[in-house]
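Student: Provided herewith is a single structure, encoded as structure tokens, for subsequent inquiry.
The values are calculated or read from the model by the stated rules, or taken from the named source; none is laboratory data. The shown structure was predicted, so the numbers you read here are calculated from the model rather than taken from an experiment. A quick note on method: Cβ atoms are made from the backbone with ideal geometry, for glycine too, and the neighbour counts reach across all protein chains shown. Please note that ligands, DNA and RNA were not included when accessible areas were found on the heavy atoms of the full protein model with its side chains. Shrake-Rupley method; radii C 1.70, N 1.55, O 1.52, S 1.80 Å.
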Amino acid sequence: MSEETLFELPEAKEFQAPAPTRPEEARLLRPCREQVEWTPRALEAAIPPDHPARAIWALLERLDLSAFYAAIKAVLGRPGHPATDPQVLLALWLYATAEGVGSARQLARLCEEHDAYRWLRGGVPTNYHTLSDFRVGHQAALDGLLTEILASMMAEGLVSLRHVAQDGMRTRAWAGAGSFRRKDSLGRCLAEARQQVEQLAKEREHPDPGVSRREQAARERAAREREERVAEALRRLPSIKAAKERQGKTLAKSKRGKVSEPRVSTTDAEATVMKMPDGGFRPAYNLEVATDVDSQVIVEVGVVTKGSDGGQALPVVEHLQQRAGESPEAYLIDGGFATREDITALARQGIVVYAPTRPPRTTTSGRRQGEPRPDILSRH
């Protein structure tokens, strides 16, 4: 130790950088997405003030919805479980329709995941059964609501009905090709369905301990619905048979032998096999839509089981007249709707019809008397 220092200093060593940390050696805070979080947030703050869901709710508050409340049996002063507010279900379906959602199961999922649907629901318990039953059980009230909404838009000048266009769209039905059966097969299916209903009714007296009451009720409901669908298919069979007979008389002789035997679907008795845009044949419905050209608002919707659009213009116009109380000034249709009967009937009502003309079917169609055929002219 030198005399100038109080203690001996360590010898200076060359600085060495630490080795890079390997991923398995790092001590990290990793995400844990299975952990349940409770986030305090009011539903009122979930969507902005100008969100379309708020506009839909505000509109429904101004409309008369008494038709949707008429069938509710749970009333004040009497026993019974409270029912889900029809205004909530209606708001959910209106917003879902605006977003292109038509499935009750998908809507039920959105009610748990999407802020706009959660805001409309407002904590009211619901499921896909409740949503589906509401839409099916209030068809007349929904049609009246559409009329009221259309009248409100016309009163505000949002819809004018000066120019209306109609088009048809074939929509796939919820029925498979294998569900179509002939008369004998339908009879056997009906007997099997009735036997299953009777068997489930006997099991109710001696219930299986491993089957809950809810599951037993679901089985009975499914069996009854199948019996009703098969019975409906048998009731529709005579009308399908009559249509097949008319085809056998009106079609060309070369196509009459291709008319198949009448068959009806046990899944969806009203569905018929139609030619789809891709050229294939599948069970479907023909959706007729009339739209106000100026505002692009759908003013009338109809569903038919006929694959052709011919003859569908006049019924849609008549329904629109009943709903709106007035007729459109001009009506735009494509060639599939253009029939002489519909055009004549609409013209007599003062409606100007715009439709493309059909090309001549033969080389002699559309020629004046004595005019040579086009192929003869081309030869000379």
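Student: Kindly check whether there is at least one residue in region 283-292 that is out of contact with any Ser or Thr (no Cβ under 7 Å at 6 or more places or on another chain) and open to solvent by 40 Å² or more (accessible area, probe 1.4 Å).
Tutor: no
Student: Also: Which numbered condition trips up Thr250, out of (1) open to solvent by 90 Å² or more (accessible area, probe 1.4 Å); (2) at pLDDT 90 or above?
Tutor: Exception for Thr250: condition (2).
Student: Could I ask something else about it? Out of the residues in region 223-241 that are under 25 Å from Thr272 (Cβ atoms) and small (Gly, Ala, Ser), state the one that is modelled with the lowest pLDDT.
Tutor: Looking at residues that are under 25 Å from Thr272 (Cβ atoms) and small (Gly, Ala, Ser), I get Ser239.
Student: Further question: May I ask you to list the residues in region 239-288 that are of a type in the set (S, T, N, Q) and under 19 Å from the mean Cα position of the chain (by Cα)?
Tutor: Within region 239-288, Thr267, Thr272, Asn286 qualify.
Student: Hey, Ala55 hits all of (1) modelled with pLDDT under 90; (2) within 35 Å of the chain's Cα centre (by Cα); (3) among the small types (Gly, Ala, Ser); (4) exposed (fewer than 14 other Cβ atoms within 10 Å of the Cβ) but one; which does it fall short on?
Tutor: (1)
Yes or no, residue by residue, for (1) free of Cβ contacts under 8 Å to residues at least 60 places away in the same chain; (2) open to solvent by 60 Å² or more (accessible area, probe 1.4 Å); (3) under 18 Å from Leu65 (Cα atoms); (4) touching a helix residue (DSSP H, G or I) at 6+ places or on another chain (Cβ under 9 Å):
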| site | (1), (2), (3), (4) |
| --- | --- |
| Ala104 | yes, no, no, yes |
| Ala108 | yes, no, no, yes |
| His114 | yes, yes, no, no |
| Ser132 | yes, no, no, yes |
| Ala141 | no, no, yes, yes |
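Student: Can I ask one more? Can you name every residue in region 65-74 that is open to solvent by less than 100 Å² (accessible area, probe 1.4 Å) and either among the small types (Gly, Ala, Ser) or in a loop (DSSP other than H, G, I, E, B) (or both)?
Tutor: Answer for region 65-74, where residues must be open to solvent by less than 100 Å² (accessible area, probe 1.4 Å) and either among the small types (Gly, Ala, Ser) or in a loop (DSSP other than H, G, I, E, B) (or both): Leu65, Ser66, Ala67, Ala70, Ala71, Ile72, Ala74.
Student: For residues in region 179-199 being of a type in the set (Lys, Arg) and within 29 Å of Val303 (Cα to Cα), which is surrounded by the fewest Cβ atoms within 10 Å (Cβ to Cβ)?
Tutor: Going residue by residue through region 179-199, those that are of a type in the set (Lys, Arg) are 181-183, 188, 194.
Filter once more, keeping what is within 29 Å of Val303 (Cα to Cα): 181-183.
On the way: Arg181: 19, Arg182: 13, Lys183: 15.
The qualifying residue surrounded by the fewest Cβ atoms within 10 Å (Cβ to Cβ) is Arg182.
Student: Another question, if that's okay. Could you identify the single residue in Gly77, Gly137, Gly122 that is open to solvent by 70 Å² or more (accessible area, probe 1.4 Å) and either more than 15 Å from the chain's Cα centre (by Cα) or at pLDDT 90 or above (or both)?
Tutor: Working: Gly137 fails: open to solvent by 70 Å² or more (accessible area, probe 1.4 Å); Gly122 fails: open to solvent by 70 Å² or more (accessible area, probe 1.4 Å).
Just a single option satisfies the conditions, and that option is Gly77.
Student: Can you confirm whether Gln216 is touching a strand residue (DSSP E or B) at 6+ places or on another chain (Cβ under 9 Å) and either modelled with pLDDT of 90 or more or part of a helix (DSSP H, G or I) (or both)?
Tutor: No; evaluated as a whole, the condition is false for this residue.
Student: Take the residues in region 334-352 that are modelled with pLDDT of 90 or more and within 13 Å of Ala290 (Cβ to Cβ), then tell me which one is surrounded by the most Cβ atoms within 10 Å (Cβ to Cβ).
Tutor: Leu346
Student: Turning to a different aspect of this structure: State whether the residues of region 86-108 include one that is within 19 Å of Ile47 (Cα to Cα), at pLDDT 90 or above and basic (Lys, Arg).
Tutor: No, because not a single residue in region 86-108 is within 19 Å of Ile47 (Cα to Cα), at pLDDT 90 or above and basic (Lys, Arg).
Student: For region 160-178, state whether one or more residues are surrounded by fewer than 14 Cβ atoms within 10 Å (Cβ to Cβ) and part of a helix (DSSP H, G or I).
Tutor: yes
Student: Still on this model: Within region 273-282, count every residue that is open to solvent by 30 Å² or more (accessible area, probe 1.4 Å) and either part of a loop (DSSP other than H, G, I, E, B) or among the polar types (S, T, N, Q) (or both).
Tutor: Of the residues in that region, 3 qualify.
Student: Working carefully through the options Ala243, Ala269, find the one that is in a loop (DSSP other than H, G, I, E, B), within 29 Å of Val317 (Cα to Cα) and either among the aliphatic types (A, V, I, L, M) or touching a residue at least 60 places away in the same chain (Cβ under 8 Å) (or both).
Tutor: Numbers: Ala243 fails: in a loop (DSSP other than H, G, I, E, B).
That would be Ala269, the only listed residue that is in a loop (DSSP other than H, G, I, E, B), within 29 Å of Val317 (Cα to Cα) and either among the aliphatic types (A, V, I, L, M) or touching a residue at least 60 places away in the same chain (Cβ under 8 Å) (or both).
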